[in-house]
């Protein structure tokens, strides 16, 4: 092994990926010219790197994403159901109150509809003839002879 | 002692009772009495103004001199009034309705009431139908001129009457022809024949009985839900009440007067059958509820319904007083949602409650 191989061996991947600085790259290049073992190792790293970069990129299937999200919500529900018993009891009372209020509201609504239907104006009151001309004559009978007595007219269409 | 008493009576008692009645009172008393006791025949002209539109009509007047007074419209109606009763005939439709006895002797009742609301003054003399007449004016104590009268000096009869409201002529009745001897007038004789014996054989006689209702009976009716005000706006006071037995209902008539004008309120239990109203009815548009009136008709008349009761108001009060009276009487109220629900709840309760 040439001098300095132990120094330059950890920098092999950086050399292949082109990540070394200008000074480090010049120093390492001078070493590789005089050390066949390091040159062989760098070549091996370069082939590996090329193979890795030549692989196709793969995306996560949508089914896998949905399943993951469902698992997450399910886990959250499971988590809420796993709450302590005291919390579960308060929720039951709330539902009972809600149901009672809904029932009362429905009963009031039903009563309102029934009252509205039953409160229709009374149309059964009998109708009567209105003999206005006879009323006028009756009025004249009881008003004539007053202090200013004037004959009254009976016709409805003067 | 007797001398002292005589002096006291002479000084204290006599002046008040010996104070002469005002001339206007004498003239009105005489006019009312003459209308009953003088025989005459004439043709009267009616002009009434409604919303600025004149309505004109003529009719025959016949007085027998013994209490019978008949009025006949040339086309359809005739009415006969007498102390012992009268009738109303409608020639075109062929029916006759017997009327109760006219209270012709009450002429003097209203003069004291007249002074409460009005001032009367004799204003002068004028010629009318070539006859000398005394003119009079009646003014409201809180308003202006309401009546102008022409009274025949020879007979004492009222020959012309003009009624004013707010300074405008509201209606006028005046004789176009006048004769104190009916036998000389063939038209008058024909009118008398038709009006007093006017029941043609083909006429249908409508039953009607009228009974006066005293104050005790009125209290009973009030307790039963009838509307019987003792007074109406405009200082109109109830003077008398009558129960009318008609064909299919029993109306209640309450007569009101302010000393000059007379109003009659008729109440019937039931909703009005609008189809039975006489011709000429028009729906009043400015009252806020359904009512029918007869524009230009004299006396004025209006019919409406409230809470299952039919009200008919008939009278010769000025239009503003007439409407104030209508407004003071029951009229329909708007039937809102809460009213309907309240009524419905009451009915539901009455159906399920064992105590109802």
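Of all residues in the range B:74-88, those that are within 22 Å of residue B:295 (Cα to Cα) and either touching a residue at least 24 places away in the same chain (Cβ under 8 Å) or surrounded by fewer than 22 Cβ atoms within 10 Å (Cβ to Cβ) (or both) total 5. Residue B:279 meets all of the listed conditions (1) more than 10 Å from chain A (Cβ to nearest Cβ); (2) loosely packed, with under 14 Cβ neighbours inside 10 Å; (3) more than 22 Å from residue A:126 (Cβ to Cβ) but one, namely (1). I'd like to know if the range B:215-235 contains one or more residues that are over 24 Å from residue A:132 (Cβ atoms) and modelled with pLDDT under 80. No, because not a single residue in the range B:215-235 is over 24 Å from residue A:132 (Cβ atoms) and modelled with pLDDT under 80.
Of everything in the range B:147-165 that's within 14 Å of another protein chain (Cβ to nearest Cβ) and farther than 22 Å from residue B:319 by Cβ, which residue is nearest to the chain's Cα centre (by Cα)?
Within the range B:147-165, the first condition is being within 14 Å of another protein chain (Cβ to nearest Cβ), and the residues that meet it are B:147-152, B:155-164.
With the extra rule that they be farther than 22 Å from residue B:319 by Cβ, the set shrinks to B:150-152, B:155-159.
Working: B:150: 20, B:151: 21, B:152: 23, B:155: 24, B:156: 22, B:157: 19, B:158: 17, B:159: 19 Å.
So, considering only residues that are within 14 Å of another protein chain (Cβ to nearest Cβ) and farther than 22 Å from residue B:319 by Cβ, the one nearest to the chain's Cα centre (by Cα) is B:158.
Considering every residue within the range B:14-28, establish whether at least one is under 18 Å from residue B:173 (Cα atoms) and either at pLDDT below 75 or within 11 Å of chain A (Cβ to nearest Cβ) (or both). Yes, the range B:14-28 contains a residue that is under 18 Å from residue B:173 (Cα atoms) and either at pLDDT below 75 or within 11 Å of chain A (Cβ to nearest Cβ) (or both). Considering the range B:46-63 alone, what residues qualify as being facing chain A (nearest Cβ under 9 Å), buried (at least 17 other Cβ atoms within 10 Å of the Cβ) and over 18 Å from residue B:80 (Cα atoms)? Listed by number, the residues that qualify are B:46, B:47, B:48, B:55, B:57. If you go through the range B:330-356 and keep only what is surrounded by 17 or more Cβ atoms within 10 Å (Cβ to Cβ) and not in a helix (DSSP H, G or I), you end up with just B:331. I'd like the full set of residues that are surrounded by fewer than 17 Cβ atoms within 10 Å (Cβ to Cβ) and either within 11 Å of another protein chain (Cβ to nearest Cβ) or under 21 Å from residue B:123 (Cα atoms) (or both), limited to the range B:31-45. Within the range B:31-45, just B:45 meets the criteria.
Take the conditions within 11 Å of chain A (Cβ to nearest Cβ), without any contact (Cβ under 8 Å) to a residue 60 or more places away in the chain and under 28 Å from residue B:138 (Cα atoms) and apply them to residue B:304. Does it pass?
Details: within 11 Å of chain A (Cβ to nearest Cβ): yes; without any contact (Cβ under 8 Å) to a residue 60 or more places away in the chain: yes; under 28 Å from residue B:138 (Cα atoms): no.
When the stated conditions are applied, residue B:304 does not pass them.
If only residues of the range B:308-323 that are at the interface with chain A (Cβ under 9 Å from one of its Cβ atoms) and not in a strand (DSSP E or B) are counted, the one that is farthest from residue B:335 (Cα to Cα) is B:316. When we screen B:259, B:296 for residues that are touching a helix residue (DSSP H, G or I) at 6+ places or on another chain (Cβ under 6 Å), farther than 26 Å from residue B:224 by Cβ, in a loop (DSSP other than H, G, I, E, B) and within 11 Å of chain A (Cβ to nearest Cβ), the only hit is B:259.
The values are calculated or read from the model by the stated rules, or taken from the named source; none is laboratory data. All values reported here derive from a predicted model rather than from experimental measurement. In this analysis, Cβ positions are derived from the backbone assuming ideal geometry, glycine residues included, and neighbour counts consider all displayed protein chains.
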